[in-house]
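Following: one structure in structure tokens, then a few remarks.
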Amino acid sequence: MSNAHFPHLLAPLDLGFTQLRNRVMMGSMHTGLEDRFYNYGKLAAYFKERARGGVGLIVTGGISPNRRGWLLPFGGTMNSLFDIFNHRKVTRAVHEEGGKIVMQILHAGRYGYQPFIVSASAQQSPISKFKPKALTEAGIESTIRDYVRCAKLAQKSGYDGVEIMGSEGYLLNQFLCVRTNHRTDRWGGSIENRMRLPVEIVRRVRAAVGPNFIIMYRHSILDLVEGGNSWDEVIEVAQALEKAGVTLFNTGIGWHEARVPTIVTSVPRAAFASVSGRLKQAVSIPVIASNRINMPAQAEDILASGTADMVSMARPFLADPDFVNKAAQGRVDEINTCIACNQACLDHTFSNQRASCLVNPRAAHETELVYRKTSVAKRVAVVGAGPAGLSAATVAASCGHDVSLFDSSDSIGGQFKIAMQVPGKEEFKETLRYFAKRVEMTGVKLHLGKRVSREELIELGFDHIIVATGILPRTPRIDGVNHPKVMSYLDVLLHKKPVGKKVAIIGAGGIGFDVAEYLVHDTNIPLPMPLNTWLGEWGIDLQARQNGGLVKPEATHPAREIFLLQRKASKVGAGLGKTSGWVHRATLQRNQVKMMAGVEYQKIDDQGLHISVGGKQQILDVDHVILCAGQESLTELMPAQTSETGPRFHKIGGAALASELDAKRAIKEGAELAASL
């Protein structure tokens, strides 16, 4: 029966020998749990919760077919009968909830962070310190056998299929493109030779597993690197793979080394879906659209238009495991939306930490961070309705406590209200929409426009008082800091005070970068940025008329001349996130922002900002100087000393540590504290 809310998204997908219950796929994400056998119970709980949430098909994180394919040392590998026991925990958990799951086979090739790596050619990648060896003919044949063995073991483990990873610049992508394939034998040269390895792997895997087993191929349809494939080559490879035995195509966009963002929050929603639509026209098996699809209406539109047969939403299932069930029941306003920040997922992965989610700290921690109903309800006051306070209040209330949430502002959000003013961070409003709904649903008593004192809170008889009052911007000790030219970042982002055409920003942390990005754009342009404008800024051709889909970026016309300054002598922006920091730096560089390190601030006067860099004095003739020089915890509600009687006081978020604003830590601290009450 058709779903009244999302008829295309929630329609079954018939693959002939099996049927998927809907058109929603949870794409592959490496959590780190895959890499150690003792974590497979946690991995099973993680996938079980998402299968219970209604997703049609789940893809595991990457599992290597052999040691040379490891992404990290001793990474998850499927090459022995002994591996089956652990993987059966995962497949059993998913099948118990009516879901289906495929195991991704990922050979990292030259992207591996370990010394045994191999590739098509002995060419080092820019993201690994190890140089690969070129696979010999015998090595290629051995690799094919390892893929086949891996797929057969996955089948024995109870998986419904495998996804063969052929995109993002991993091994099979490395063989496919002249960028990394410099071979002169039958595995290099023409596209017929370059595609021989993936086609042969698919052909032999299909022969080994039989007809009733899903073989999904993650095909790179837009490489976004020099030396990538043309659209004609993309199609030629796809048609050969289909003939070899692929059941359905998942689509990959961009290599990990590409200098074009593909999944960060500034990328417009569904920016690359039309490319999947072009692939769908050229093949006769189902095609899956991917990248920056994070809400059901958007996914429904993609399917209704015939652009794809299925949609892949990976990180949205970190944010909300119940995404599909909520969509099916018309409860879209309850979805905890992925904001594509990458801070707890990809940043963790590339730092060799367990992945999680900024907006949902339970992700990949389902057995450790448990929200249980309390047997003894406590009266809890939370002061501050920013990310930390909202997290603490809603989790405590969901556990059965009597919660009152106070904020002196007339709306919830705290620092998120500021962040969502920055171009490319509009998604933050989705988190505030979610928390507003959770406040309503969990019965939190919300008191806005209410500044409370410690004495009032004590008189009201609360058992626990959670101080989540956040921060105050720090004013640096600079002669002339009270000059009319000086503004705080709150003046700019929150109070929308007019800013001149020449600006110096003191402080190049996350807030400094946000202010710079806000000011280089004309504040009158519509946000989010239109897709064509964004494509032009980054030099992307969705038609892939040039190899790799790259063209010359359009010239930028920044709204202001900006100097971004820091005292530290280190690289400006070095402390930004691993997977998104380069995007921010590239955006500012493209807009001619002058980034200066090792700056000594001397004074501010009518002439401007007087500084010294490397012993050389200079005056920046600017209209305004904007202070983004850190912040201080706002803790006036905390008692000077603990008391044996009366309420217990706690502080979280910026009130606990203000050195660098961190919403990931704030939300996690709020949830963990609330769950422990």
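The values are calculated or read from the model by the stated rules, or taken from the named source; none is laboratory data. Computed from a prediction, not measured in an experiment: that's the story for all the values here. Cβ atoms come from the backbone with ideal geometry, glycine included; neighbour counts cover every protein chain shown. These area figures cover heavy atoms from the full protein model, side chains too; ligands, DNA and RNA do not enter into them. Shrake-Rupley method; radii C 1.70, N 1.55, O 1.52, S 1.80 Å.
Toward the positive end of the charge dipole of the chain, with +1 on the Cβ of Lys and Arg and -1 on the Cβ of Asp and Glu, the farthest Cα among His584, Tyr518, Tyr159 is that of Tyr159. Equivalent ellipsoid of the stretch 1-116: semi-axes from √(5λ) of the C-alpha gyration tensor, largest first, are 30, 15, 12 Å.
Net charge dipole, the stretch 1-63: roughly 160 debye, given to the nearest 20, about the Cα centre with Cβ charges of +1 for Lys and Arg and -1 for Asp and Glu.
What you get for the chain, charging only the Cβ of Lys and Arg (+1) and of Asp and Glu (-1), is a dipole of about 1340 debye around the Cα centre. Highest mean packing comes first when the peptides 390-397, 200-207, 303-310, 42-49 are listed by Cβ atoms within 10 Å, giving 390-397, 42-49, 200-207, 303-310. For the set Lys48/Lys129; Lys437/Lys668; Lys373/Lys578, the pairs lying more than 29 angstrom apart at their alpha carbons are Lys48/Lys129; Lys373/Lys578.
Scaled to the globular estimate 2.2 N^0.38 Å, the Cα spread of the stretch 559-618, given as radius of gyration, is 1.25. The DSSP beta bridges internal to the chain are antiparallel in roughly 20% of cases.
Given the stretch 199-244, report the % of alpha carbon pairs whose separation exceeds 16 Å. Of all Cα-Cα pairs in the stretch 199-244, 44 percent lie more than 16 Å apart. Computed from point charges on the beta carbon alone (+1 for Lys and Arg, -1 for Asp and Glu), the dipole magnitude for the stretch 507-594 about its Cα centre is near 460 Debye. Between the C-alpha center of the stretch 154-173 and that of the stretch 211-227 there is a gap of 10 Å.
Between Lys497 and Arg67, the modelled label-to-label distance comes to 6.3 nm, taking each label 7 Å out from Cα in the direction of the beta carbon.
Accessible surface of the chain, 1.4 Å probe: 50 percent of it comes from carbon and sulfur atoms. Packing-based ranking of 118-131, 84-97, 51-64, 280-293 yields 51-64, 280-293, 84-97, 118-131, ordered from highest to lowest mean Cβ neighbour count within 10 Å. Other residues within the sphere of radius under 14 Å centred on the Cβ of Ala544, judged by their own Cβ, net out at -4 (K and R +1, D and E -1).
Going by Cα centres, the stretch 456-480 and the stretch 580-645 are how many Å apart? Cα centroid of the stretch 456-480 versus Cα centroid of the stretch 580-645: 22 Å apart. The computed P(r) over Cα pairs in 10 Å bins from 0, in percent for the structure shown corresponds, within [x] 3, 14, 24, 24, 15, 7, 3, 2, 3, 2, 2, 0; [y] 3, 13, 20, 22, 20, 14, 7, 2, 0; [z] 3, 15, 23, 24, 19, 11, 4, 1, 0, to [z]. Solvent-accessible area per residue in the stretch 626-671 equals 52 Å², computed with a 1.4 angstrom probe and all protein chains kept. Computed over the chain, relative contact order equals 12 percent, with contacts defined as Cα pairs under 8 Å that lie 6+ residues apart. If R0 is taken as 30 Å, the Cβ-Cβ distance between Asp410 and Glu368 corresponds to a FRET efficiency of 0.25. Counting every alpha-carbon pair across the stretch 514-569, the share separated by more than 19 Å comes to 45%. Annotation for the stretch 324-433: trypsin sites (Lys or Arg not before Pro) lying in DSSP loop with at most 14 further Cβ atoms inside 10 Å of their Cβ are Arg331, Arg372, Lys373. The share of Cα pairs per 10 Å bin across the stretch 309-433, counted from zero up to the longest distance, runs 12, 34, 39, 13, 1 percent.
A convex hull fitted around the alpha carbon atoms of the stretch 527-663 yields 219 Å³ per residue. In the stretch 499-610, the DSSP beta bridges split such that about 35 percent are antiparallel, to the nearest 5. Computed over Cα pairs, the Kirkwood radius of the stretch 608-677 leads via Stokes-Einstein (1.567 mPa s, 4 °C) to a diffusion coefficient of 81 µm² per second. A straight line joining the Cα centroids of the stretch 548-579 and the stretch 321-381 runs 31 Å.
Over all other residues within a Cβ to Cβ distance under 11 Å of Val499, the charged ones net out to +4, with Lys and Arg as +1 and Asp and Glu as -1.
Per residue of the chain, what 222 nm ellipticity follows from adding -39500 (n - 2.57) for every DSSP H run with n ≥ 4, rounded to the nearest 500? Using -39500 (n - 2.57) per qualifying helix, the result is -8500 deg cm²/dmol. Among 456-464, 502-510, the peptide with the highest mean count of other Cβ atoms within 10 Å heads the list, and the full ranking is 502-510, 456-464.
Summing Lys and Arg as +1 and Asp and Glu as -1 over all other residues whose Cβ lies under 11 Å from the Cβ of Arg149 gives a net charge of +2. Within the set Lys497/Lys552; Lys280/Lys326; Lys89/Lys417; Lys326/Lys497; Lys429/Lys651, which residue pairs have Cα atoms separated by over 32 Å? Where the Cα-Cα span goes over 32 Å, the pairs concerned are Lys497/Lys552; Lys89/Lys417; Lys326/Lys497.
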